1. Using amide H atoms built 1.01 Å from N in the peptide plane, name the residues 5+ places from residue 252, or on other chains, whose amide H lies under 5 Å from its own.
2. Suppose the chain between residue 292 and residue 103 were pulled fully straight at 0.36 nm per residue; how much longer would it get relative to their current alpha carbon spacing?
3. Hey, rough spin-label estimate for residue 58 and residue 169, points 7 angstrom out along Cα→Cβ, what's it come to in nanometres?
4. Around residue 264, which amide H atoms from residues at least 5 apart in sequence, or from another chain, sit under 5 Å from its own amide H, with H modelled in the peptide plane?
5. Heavy atoms only, probe 1.4 Å: what % of the accessible area of the chain goes to carbon and sulfur, would you let me know?
6. Enumerate the amide H contacts of residue 257 below 5 Å, restricted to partners 5 or more residues apart or on another chain; note that Pro and chain-start residues carry no placed amide H.
7. Before anything else, pin down the relative contact order of the chain: Cα pairs under 8 Å, at least 6 apart, normalised by residue count, whole percent.
8. Expressed as an acute angle from 0 to 90° and rounded to the nearest 10, what is the orientation of the C-alpha long axis of helix 95-108 relative to the principal long axis of the chain?
Amino acid sequence: MLERNIAAMAAFARAHGIALRPHSKTHKSPDIARRQIAAGALGNCCAKLGEAEVMAEAGIGGLLITSPVVSAPAIERLMALLARSPDLMVTADHPDNVAALARAAAAAGRSLSVVVDIDPGMHRTGVASPEAALALARQVAAAPALRYAGVQFYCGRHQHIEAFAQRRDEITERTAYLKGIVEALTADGLKPAIVTGGGTGTHAIDAALGVFSELQVGSYVFMDHQYNVCDLRGDGRAPFEQALQIDARVVSASTPGMATIDSGLKSMATEAGAPPILSGVPDGTTFRFAGDEHARITFPDGVSGPGIDAVVTLTPPHCDPTVNLYDAYHVVKGHTLVDIWPIAGRGRSR
Ligand code: PLP
Ligand code: MN
């Protein structure tokens with residue numbers, strides 16, 4: 001399923017003439033990054049410097065750090081990483097940060113590629129206006145030790161708008177804003193070579209609008225329940241499969257009509273609700289968290305369910321923060337364990 005998801009997104013991108021730099025925040029795994037690159041991706045995005053360090057260590061190139069790197073010690077680490085990965089790119093959204101990056105790169109005798117991050121209105125990162133984008137791009141272009149690589153625009157909130165038409169309308173409006181900035185930069189001699197952004201929820205709309213040169217899709221490799229309720233391409237079909245599953249085990253079944261499994265609040269991200277149960281239980285079984293370590297599954301009236309030691313398979317409500325809770329993937333083909341891949345970027349959140 002993972003392989004089919006990687007191939008499906010790669011084929012979609014090829015058919016639409018758009019590049020992919022998939023986001024490794026989802027998988028934190030060099031093994032998966034390598035497969036995405038083998039399928040044609042330019043490299044991987046990394047949410048944080050620590051994630052990029054792990055990817056570079058494993059030989060993954062074409063890295064873009066999508067959050068600002070601002071503290072002096074972090075910029076020092078960034079320079080060490082640049083020495084190993086000369087094609088590394090970093091985003092920035094503040095003139096003080098650009099000045100600090102320029103000083104550090106000059107002192108290190110290296111050229112650092114910088115992408116100007118533009119806030120689409122969610123107020124997480126990015127410059128807040130077209131004027132600020134232009135000013136920051138000029139500052140990057142003028143710094144001898146920096147290379148102006150382009151712009152980033154990530155509409156996080158929009159990814160999960162369930163109705164396709166509403167998602168398309170809102171993204172179309174936001175992309176017009178981005179397009180205006182790209183045109184203003186171009187008129188100023190600062191045409192962005194890279195226009196990067198987008199996610200699994202908007203990838204089809206982004207490709208159709210044609211403003212991005214590359215997409216930062218992350219969750220498509222695994223999918224999760226949050227995304228599976230969205231009509232991703234407006235055709236009512238699911239282009240990707242839920243490749244990430246949690247095998248929980250029944251550890252107690254003392255009370256008739258219910259059982260306790262060993263997956264509780266510590267086993268998955270919980271902000272998106274309870275996990276749908278994929279298999280191992282009778283139809284109509286319900287799931288309820290029962291604290292840090294456990295959950296209770298309750299069977300329909302008069303129906304008996306699995307006893308102790310049975311496996312109950314769950315679908316993570318939200319894949320990225322769930323992955324960050326585990327040390328390794330158990331890679332399964334059919335019912336056979338074929339490999340174990342370390343989640344090497346686990347916990348590398350700074
Ligand atoms: N780009 C950035 C900056 C992100 O923060 C994320 C996810 O949060 C992504 C790309 C990947 O998006 P998705 O998981 O929706 O494909
Ligand atoms: Mn996510």
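1. Residues meeting the criterion, in which the H sits 1.01 Å from N, are 260.
2. On the way: separation 189, 0.36 × 189 = 68.04 nm, distance 4.68 nm.
Computed gain between residue 292 and residue 103 is 63.4 nm.
3. Rounded to a tenth, the inter-label distance reads 4.2 nm.
4. Residues meeting the amide H criterion: 294.
5. Numbers: 8000 of 15330 Å².
Of all accessible area on the chain, carbon and sulfur atoms account for 52 percent.
6. Result for residue 257 returns 305.
7. Working: 741 pairs, mean separation 57.0, N = 350.
The value is 16 percent.
8. In the chain, helix 95-108 runs at an angle near 80 degrees to the longest axis.
The values are calculated or read from the model by the stated rules, or taken from the named source; none is laboratory data. Since the model is a prediction, treat every value here as computed from it, not as a measurement. Because the Cβ atoms are built from the backbone with ideal geometry, glycine has one as well, and the counts that use them run over all protein chains shown. Heads up: the accessible areas ignore ligands, DNA and RNA and are worked out on the full protein's heavy atoms, side chains in. Shrake-Rupley method; radii C 1.70, N 1.55, O 1.52, S 1.80 Å.
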